[in-house]
Every structure is written in C-alpha cells, then in structure tokens.
Amino acid sequence: MIPTWAAVVGALSLAVIALSALVAGAAVLAAAYGVRAFLGAVRHSAEPVMHDVRELIGTIRSEADGLAETSRDLRQRIVHAADAAEARLSDLGETLEVAEREVSETAKDVAATARTVRRGVEVWRLGRALRKRSKERREGDD
C-alpha cells in the first residue's frame, strides 16, 4: 500500500500541475487576445492604406486605358496619313506619266515643226534664187 504522505504529495503535485496548466492556458488566452487586438489594430490602420491603394490601382488602370485609346487613335491617324500619302504619290506618278507623254509628243511636234520650217526656208531660198536668176536673165535679154 501507498503511504499517506505519498498520496498527499501526489495530490499536491497534481494540483500544482493543474494550476500551472490553468495559468499557462490563461497566458495563452491572454496572448491570443493580445495578438487578436494587435491584428485588429493593424487591420484598422491598414484599411485606409488599402483603400488608397485600391484607388491608386483604379487610377493606374484608367490611365492605362486612356493611353491605350490614345495609342489606337494615333495609330489610326498614322495609317490614314500613310494611305493618303500613298494615294497622292500614286496620283503624282500618274501625273508624271501624263506629263512625260505630253512632253514626248510636244518634242515630236517641235521636231516636225522645225523640219517644216527648214523645208519652208529652203523652198523660200530656192524661190528667191530662181527669181534672182529669172530677173538676171530678163535683164540680160533686154
């Protein structure tokens, strides 16, 4: 059998262990409440920052959308300008082709006119020479 004093010491030991478990549990609860209070304070402090960050993200998103829209507008304007320049260049090419044909035809006309003028001058000279001879013959016959 167990001596009485051993039973009393065992009971006291169990009471001390139970009491220390209660104190440790209370300390854990207090720490948990402390951590919860700390996290609540952090959350309370972080809410305005989170709100500001959400607003900033919204502003960045709207600015990015605006930049994308501006980029699309600029791209469209550049494409239209390039198309217009290409059309004008095509028109200029056609105009130059027409001008080249006209210049070529005019050069041919000028050359033909120059030949005609030369022939006319030759005929006029020939007529003058014949007239001069005819006049000399008449004077010689008189």
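The values are calculated or read from the model by the stated rules, or taken from the named source; none is laboratory data. Remember, predicted model here, so these are calculated numbers, not experimental data. All Cβ positions, glycine included, derive from the backbone under ideal geometry; neighbour counts span all protein chains shown.
Here are some notes:
- Residue match in the stretch 49-64 (condition: hydrophobic (A, V, I, L, M, F, W, C), assigned to a helix (DSSP H, G or I), free of Cβ contacts under 8 Å to residues at least 60 places away in the same chain and loosely packed, with under 10 Cβ neighbours inside 10 Å): yes
- Test: residue in the stretch 5-19 that is of a type in the set (Ser, Thr, Tyr), exposed (fewer than 10 other Cβ atoms within 10 Å of the Cβ) and modelled with pLDDT under 90: no
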